[in-house]
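This report concerns only the one structure given below.
Bear in mind that the values in this text are calculations on the coordinates, not laboratory data. Everything numeric here is computed off the predicted structure, so don't read it as measured data. Every residue, glycine as well, gets a Cβ built from its backbone with ideal geometry; the counts of neighbours run over all protein chains shown.
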Amino acid sequence: MRIFLLTVLLFTVMAAPAQEERDTVLNRCPVYITDTATANNFFLEFQKTTLKVYRNQGNLTIGFQQKDQFFTVFFKEKKLRNGKYAIVSGERGKMEVNAKYSFMSGEQVSYVDVSRGTMESTFDKEKNLWHIKLTGQIANSVGRTVSYFKVRADFWIK
């Protein structure tokens, strides 16, 4: 009887309210990475995108995948909070996140950090969903030239 009660208690504790770990296929891509010189968007809006919410070393991670390109937001916390987060590269504090744009070309993978920006998360009690808005900027230097890209995302998660 003790083993049964411990098993029930264990599964009850594991089902505590937090962000669900899941993969969802979205019909429209909510991420926009736009070149400031040509206004070219690297994520195609009308192509399907996979939204992944998972844990990375116990911390919340939200990722988008469209073919061979990825946009990932790494949190230092286990669950979301209402409020604004600062997007920084490198070390993170409580209300800071790290965001990366990565893509594959053949067998090579390239990573570019979002250099600065903000992310706002709010919980909608009626829909029982989190609404996340993200704005930022990527500075990519190649040789002597620096290219700037605007990053924008607007999406909902459980």
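Look at the alpha carbon pairs under 8 Å that are at least 6 residues apart: their mean separation over the length of the chain gives a relative contact order of 18 percent.
Taking the C-alpha atoms only, the angle from helix 2-14 to the longest principal axis of the chain is near 30 degrees.
In this simple spin-label approximation, Glu45 and Thr24 carry label points 7 Å from Cα along the Cα→Cβ vector, and these lie 2.0 nm apart. Here the dipole of the chain is about 380 debye; that uses its Cα centre as origin and unit charges on the Cβ of Lys and Arg (positive) and Asp and Glu (negative).
Over the C-alpha atoms of region 19-157, the Rg to Rh ratio, Rh being the Kirkwood estimate, stands at 0.95. Among the trypsin sites (Lys or Arg not before Pro) in region 91-136, those placed in a DSSP loop whose Cβ has at most 13 other Cβ atoms within 10 Å are Lys94, Lys125, Lys127. Of Lys48/Lys78; Lys48/Lys94; Lys52/Lys78; Lys133/Lys158; Lys52/Lys76, which sit over 24 Å apart, Cα to Cα? Beyond 24 Å between Cα atoms: Lys48/Lys78; Lys48/Lys94. Summed over qualifying helices (DSSP H, 4 residues or more, each -39500 (n - 2.57)) and divided by its residue number, the chain shows a 222 nm mean residue ellipticity of -2500 deg cm²/dmol.
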